[in-house]
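The values are calculated or read from the model by the stated rules, or taken from the named source; none is laboratory data. These numbers come from a predicted model, not from an experiment. Cβ placement follows ideal geometry from the backbone for every residue including glycine, while neighbour counts extend to all protein chains displayed.
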Amino acid sequence: MIARQDHVMVRGWLALALAVALSAAAAPAVAAGLVASPQDLEPAARAALASSIQAERAAHPEAFSTLGRVDGHLPSGYGKLRNPSPKLVGLELRRLGWPALLPMLDALAFQAPARRGATDAEQRALAVGMLDAVGRLRDARSRPVLESALRQRDDEVVRAAALALGRLCDTGSFELLRSAARGSDLARDPRRLAAVAGLGECRRLGSARVLGAMMGATRDPVAAQALAEALGSVGSSWAWRAKGPKAEAESLAVRRLAAEALVRAFIGQDGGARQALGRALVLVEHPATPDLLREARARADAQTGREIDRLLGRLEGKRR
């Protein structure tokens with residue numbers, strides 16, 4: 001009797017397992033993009049973006065078909081170049097401009113384009129190039145997709161997402177990058193390094209404060225070099241001039257914070273990190289930088305003093 005009950009129970013479990021398997025096989029595959037799936041997005045953001053993509057596809061189907069013909073990441077595209085690389089697909093994508101925004105967000109988070117024989121490296125280049133192109137359009141609708149990409153495991157994808165969030169630079173993007181930059185051991189954490197680079201693209205006072213505080217808290221030369229590059233970017237005099245006269249007051253405040261952090265670190269670093277700090281100071285080019293350097297020279301050792309003199313010469317030469 002017990003054996004018969006066991007037999008019936010086994011048959012029941014087998015039938016249930018078969019039903020589950022058949023149900024899974026019959027269910028439609030969940031769509032997935034190049035760097036995320038729809039389920040990775042917050043429900044409200046997912047619904048809003050899906051609605052925008054659907055409307056855009058109905059109104060401008062040609063934009064989606066144009067994106068499907070991008071081949072800069074394939075040998076048929078990059079193989080013709082003097083220095084062939086699938087990474088150059090970003091240039092092709094940027095040339096598509098605004099009409100490609102929603103098609104690219106669709107490809108990144110909802111429905112990836114057909115691989116057409118692309119290797120993993122070529123497919124990654126397409127994703128990274130697309131994130132770069134999306135970031136340069138600076139559209140708030142891209143933030144949920146960029147946030148999801150920032151959580152991925154691929155270092156190249158994470159860095160591209162961080163840079164794109166930095167270019168978007170709205171309050172939500174800044175907070176995401178500031179949160180991602182927190183933690184310890186910056187020099188050995190690619191995600192934190194990516195967030196630092198993203199903050200360098202986000203030219204606002206908050207970014208300069210975060211980066212300056214991080215610079216003041218580290219003695220690691222690798223971390224100092226990454227932070228120097230970010231401070232040079234966030235305080236770039238050329239980038240701030242491009243914003244026009246209305247941004248002049250913010251420009252001076254951001255660049256002053258960057259210059260102070262860079263000069264303080266210049267004294268305590270040497271080698272490649274000090275060179276990166278010097279390059280960043282030249283990029284920032286704040287009017288107070290020469291005075292800050294002369295003040296630092298008074299408490300520097302002889303070798304550092306000579307390097308400060310050379311740096312002052314470079315700054316003077318740039319002003320002529």
How many residues of segment 236-259 are assigned to a helix (DSSP H, G or I), crowded, with 20+ Cβ neighbours inside 10 Å, in contact (Cβ under 8 Å) with a residue 40 or more places away in the chain and out of contact with any Gly (no Cβ under 6 Å at 6 or more places or on another chain)? The answer is 0
Every residue from segment 165-186 that is of a type in the set (Asp, Glu) and over 15 Å from residue 217 (Cα atoms):
170, 175
Criterion (touching a His at 6+ places or on another chain (Cβ under 6 Å) and either crowded, with 19+ Cβ neighbours inside 10 Å or over 16 Å from residue 69 (Cα atoms) (or both)) met by exactly one of 109, 125:
125
Search result, residues across segment 132-179 that are more than 21 Å from residue 43 (Cβ to Cβ), basic (Lys, Arg) and assigned to a loop (DSSP other than H, G, I, E, B)
138, 153
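Working carefully through the options 207, 148, find the one that is crowded, with 17+ Cβ neighbours inside 10 Å, closer than 26 Å to residue 126 by Cα and hydroxyl-bearing (Ser, Thr, Tyr). Spell out how you get there, then give the answer.
On the way: 207 fails: closer than 26 Å to residue 126 by Cα.
Result of the check over 207, 148: 148.
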Test result for residue 142, of a type in the set (S, T, N, Q) and either buried (at least 21 other Cβ atoms within 10 Å of the Cβ) or in contact with a Pro (Cβ under 7 Å, 6 or more places away or on another chain) (or both):
yes
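Can you pull out the residues in segment 172-185 that are modelled with pLDDT of 95 or more and more than 12 Å from residue 199 (Cα to Cα)? So that I can check it myself, show each step before the final result.
From segment 172-185, those modelled with pLDDT of 95 or more are 172-181; that's our starting set.
Matches in segment 172-185: 172 only.
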Is it fair to say residue 312 is buried (at least 17 other Cβ atoms within 10 Å of the Cβ) and without any contact (Cβ under 8 Å) to a residue 60 or more places away in the chain?
no
